[in-house]
Amino acid sequence: MPGLMERYAERLPFAADDPVVTLGEGSTPLVHAPHLSEMVGAEVHLKLEGLNPTGSFKDRGMTCAVSAAVREGAKAVICASTGNTAASAAAYSAKAGLTGAVIVPEGKIATGKLAQALMHGAKVIALRGNFDEALRLVRELCDKHPIALVNSVNEFRLQGQKTAAFEVLEDLGGELDALCIPVGNAGNVTAYAKGFTEAGHLPRLFGFQAAGAAPLVNGAVVEKPETVASAIRIGNPARWEEAMAAFTSSRGMVRAVTDDEILAAYRLLAGREGVFCEPASAASVAGLLKYGADGAERVACVLTGHGLKDPQTALEQAGAVVPCEPDLAAVEEAVLGG
């Protein structure tokens with residue numbers, strides 16, 4: 001399967017002879033969710049971005065950002081991250097033969113994401129601060145040194161991420177009334193709006209933030225954001241203005257969901273739709289369940305990352321393992337008993 005830079009070459013700002021750093025990202029499934037559809041009274045589909053190479057939508061933007069960094073002669077890339085960007089940047093910098101460095105909030109990154117960044121050979125710095133402080137510092141660092149910044153403030157990230165909008169429209173024959181999406185740093189909803197606009201079909205955009213990290217909903221920076229959904233634990237989104245413009249122009253809105261609502265949707269997706277996503281991803285479904293489809297007949301929910309990104313939360317939310325002796329009677333009781 002070709003990567004998205006090859007698949008959408010005519011829609012991306014690269015020349016035919018530019019370097020391409022790819023892991024075969026994009027072309028993720030859009031699956032119908034029958035149980036969820038029945039619950040909300042609309043046709044609901046799930047965009048499974050956790051099936052990108054490093055397990056999140058970040059790979060879409062990273063293939064473009066790192067390819068551009070190679071084109072421009074960079075020898076190193078850096079990002080601030082709550083986890084998924086770190087994993088993706090580490091993988092793509094390794095693929096490109098570049099030095100990779102990531103700054104993450106100390107103690108606030110899910111185990112799966114930390115493991116990925118370390119295994120890909122990136123230098124991982126645990127900052128005694130939050131994501132917003134980390135982003136401010138890496139931006140200052142890149143102003144002083146010839147290092148490529150690959151956070152979503154990098155325009156090439158949005159160029160890659162907009163391709164998800166193309167795919168959703170292709171899979172649905174261009175018929176989509178609304179898109180539900182988690183919102184953290186607000187780059188992804190900005191990218192979807194860009195992609196939909198370029199494709200000539202802008203559905204209503206419904207963004208959902210965690211209640212403990214909802215600056216766009218509250219209209220003010222959250223100094224100490226807190227939520228179980230670590231991927232959207234951001235108090236001062238870099239794409240604030242663009243995201244709000246996207247909601248306004250699409251006749252959409254941004255709203256908040258609680259951690260309990262996020263975790264309920266997280267369990268529902270796994271238990272009834274067979275889809276295991278990370279908690280932040282479930283914010284899109286939590287919002288749809290809480291606020292409804294608002295008249296939309298066909299809805300797509302973006303699930304931004306795979307559930308294995310955050311195994312600890314999964315273990316805390318799931319049932320217990322059943323111990324069993326190694327004989328048939330015991331196995332029958334374990335499997336068939338009450």
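Taken together, the values in this text are just the output of simple stated rules run on the coordinates, not laboratory data. Please read all numbers here as calculations on a predicted model, not as lab measurements. Positions of Cβ are generated from backbone atoms using ideal geometry, with glycine treated the same way; all protein chains shown enter the neighbour counts.
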Q.
Over the chain, with a Gaussian network built from C-alpha contacts below 10 Å, which listed residue (285, 21, 40) shows the highest mean-square fluctuation?
A. 40
Q: Mind checking segment 216-259 for trypsin sites (Lys or Arg not before Pro) that DSSP puts in a loop (not H, G, I, E or B) and that have at most 16 other Cβ atoms within 10 Å?
A: 251
Q) What whole-number value in cubic angstrom gives the convex hull volume per residue for the C-alpha atoms of segment 58-155? A) 80
Q | Stokes-Einstein D in µm²/s, Kirkwood radius over Cα pairs - the chain at 20 °C with 1.002 mPa s viscosity | A | 106
Q.
For a quick check: with amide H placed at 1.01 Å from N, whose amide H comes under 5 Å from residue 3's, ignoring anything fewer than 5 positions away on the same chain?
A. 24
Q: Could you compute the FRET efficiency for residue 123 and residue 245, with r as their C-beta to C-beta distance and R0 at 35 Å, rounded to 0.05?
A: 0.45
Q: Springs between alpha-carbon atoms under 10 Å, Gaussian network over the chain: tell me which of 134, 90, 210 tops the mean-square fluctuations.
A: 134
Q: Would you kindly state how much longer the chain becomes between residue 75 and residue 260 on full extension, computed as 0.36 nm times their sequence separation minus their alpha carbon distance, in nm to one decimal?
A: 62.3 nm
Q | Order of 263, 149 - criterion: other Cβ atoms within 10 Å of each residue's Cβ, fewest first | A | 263, 149
Q: Treat each spin label as a single point 7 Å out from the Cα along the C-beta direction, and report the residue 321 to residue 136 distance in nm.
A: 4.4
Q.
Once you place label points 7 Å from the Cα toward the Cβ at residue 290 and residue 336, how far apart are they in nm?
A. 4.5
Q: Multiply the residue separation of residue 10 and residue 197 by 0.36 nm, subtract the distance between their alpha-carbon atoms, and state the gained length in nm to one decimal.
A: 65.7 nm
Q: Rank the residues 167, 333 as a footprinting-exposure proxy: fewest other Cβ atoms within 10 Å of their Cβ go first.
A: 333, 167
Q: Would you please give the residues with an amide H less than 5 Å from that of residue 208, counting only those at least 5 places away or on a separate chain, with H modeled from the backbone geometry?
A: 181, 183, 255
**Q.** Spatially near lysine pairs across the chain, Cα under 20 Å, sequence gap of 8 or more or different chains
**A.** 25
(Q) Based only on other Cβ atoms within 10 Å, what is the fewest-to-most ordering of 324, 180? (A) 324, 180
Q) Of the residues 314, 245, 286, which exhibits the maximal mean-square fluctuation in a Gaussian network model of the chain defined by a 10 Å Cα contact cut-off? A) 245
(Q) Can you give me the convex hull volume of the Cα atoms of segment 11-94, divided per residue and expressed in Å³? (A) 122
Q) What is the dipole size for the chain, taken about its Cα centre, with +1 at each Lys and Arg Cβ and -1 at each Asp and Glu Cβ, in debye to the nearest 20? A) 1100
(Q) Show me the three semi-axes of the equivalent ellipsoid for segment 65-115, from the C-alpha gyration tensor (sqrt of 5 times each eigenvalue), largest first, rounded to whole Å. (A) 22, 10, 8
